[in-house]
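K.L.:
Handing you this structure, nothing more for now.
Rule-based calculations on the coordinates, nothing more; no lab input. Computed from a predicted model, the values in this text were never measured in an experiment.
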Amino acid sequence: MSNFSPSSGFPSWIPLGFWGVNGLMTLGFAGARQQSELCNESLMLEKLPACGKSFEEMMKRVDSKKWCNLTEFIMYYDNFTQCTEREANNASCFWPNPLAEGFITGIHKQFFSNCTSEKVHWEDPPDEILITLILIPVLLTCAMITLVVWCSKRSDILV
């Protein structure tokens, strides 16, 4: 029995090998970790408040006027994020998930509700300044063009 298919020109076991490798990759043997247990949402919801309490304790060290400045508490927020991710994973839940996001949103409302970014309302400068800012480049351009034309006509003097 031959391993070659006469019509295709390659061994007949190659397609089977392809599907075998593809199947293994789909099952997660390509380095991806698959979750084997169901998410224990009640355990996760029981553990997440500890992360919030820890974050609240750390935020007490930051002046409340500086709560909108991320550089003041970035390490605390990173610890909070890692804690919520760890607790979700310990409960065999993906992170982020809708329940964890709801909890994180609650923390955001508690600490950062006054940090909305207000849009800056741009206004034109007064007419005197605007006219000056427009006329200076226009006049300089005209002066340079005049100088170039004048110099090109007087090339006998410049050489």
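K.L.:
Enumerate the lysines that Lys109 could reach by cross-link, defined here as Cα to Cα under 27 Å, with residues fewer than 8 away along the same chain left out.
P.N.:
Lys47, Lys53, Lys60, Lys65, Lys66, Lys119
K.L.:
Full-extension gain between Glu56 and His108, please, as 0.36 nm times their residue separation minus the C-alpha to C-alpha distance.
P.N.:
Using 0.36 nm per residue and subtracting the Cα-Cα distance, I get 17.6 nm.
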